[in-house]
1. Using θ = phi - 60° and the Karplus relation 6.51 cos²θ - 1.76 cosθ + 1.60, list the HN-Hα couplings for the range 73-85 in order, rounded to whole Hz, with x at every Gly or Pro.
2. Hey, if you drop one equal point scatterer on each alpha-carbon of the range 39-104 and run the Debye formula without solvent, what base-10 log of I(q)/I(0) do you get at q = 0.14 Å⁻¹?
3. Can you tell me which of Gly16, Gly35, Gly55 moves the most in a GNM of the chain? Springs connect C-alpha atoms under 10 Å apart.
4. If you check each cysteine of the chain for another cysteine whose beta-carbon is under 4.7 Å away, which ones come up empty?
5. If amide hydrogens are placed 1.01 Å from N in the peptide plane, which non-local residues have theirs closer than 5 Å to the one on Tyr32?
6. So with the 1.4 Å probe, I'd like the accessible area per residue for the range 3-91, rounded to whole Å².
7. Applying a 10 Å radius around every beta-carbon, put 108-120, 80-92 in order of their mean neighbour count, most first.
8. State, as an integer percentage, the relative contact order of the range 1-103 based on alpha-carbon contacts under 8 Å between residues 6 or more apart.
Amino acid sequence: QVQLVESGGGLVQPGGSLSLSCTASGTIYAIYSMGWYRQSPGKQRELVAQITSCGGPHVADAVKGRCTISKDNTKNTAYLQMNSRKPEDTDTYYCNAEVAHVATLHPREYWGQGTQVTVSS
């Protein structure tokens, strides 16, 4: 089994910065991508940023210039650095990863439990 554990959410003031991290654990054969999505109640989950094993990072237009994604392959951990936070960035942020388990070698999608980010003064 593969688990994604997120950390780093919380309250931040408008204009402030916040970092999220997501660590994949378990009997992992390979990680093909890791990224972050966000969702507000009643809305669809949307991509924030993603980094793949064979391509560069991709950041959604809504947060481009304000978010940076990186990954430490030795720790199976992805990091999302969020700057210049706006109230409309208030959401639940979910880690997402495409991971192959050693038992199957086939990649499947996994989700973290979600972490709340609130931008408010």
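The values are calculated or read from the model by the stated rules, or taken from the named source; none is laboratory data. Small disclaimer: the values here were computed from a predicted structure and weren't measured. Every residue, glycine as well, gets a Cβ built from its backbone with ideal geometry; the counts of neighbours run over all protein chains shown. When the accessible area is computed, the model is the full protein with side chains, heavy atoms only, and any ligands, DNA or RNA have been set aside. Shrake-Rupley method; radii C 1.70, N 1.55, O 1.52, S 1.80 Å.
1. 5, 6, 10, 6, 10, 10, 10, 10, 9, 10, 10, 6, 5
2. Ignoring solvent entirely, the Cα scatterers give -0.49.
3. Most flexible of the set in this elastic network: Gly55.
4. Flagged as lacking a Cys partner: Cys54, Cys67.
5. Those lying under 5 Å, H to H, from Tyr32 are Glu98, Val99, Ala100.
6. Per-residue accessible area for the range 3-91 comes out at 53 Å².
7. Per-residue Cβ counts within 10 Å, averaged per peptide and sorted highest first, yield 80-92, 108-120.
8. Details: 217 pairs, mean separation 38.5, N = 103.
Over the range 1-103, the number comes to 37 percent.
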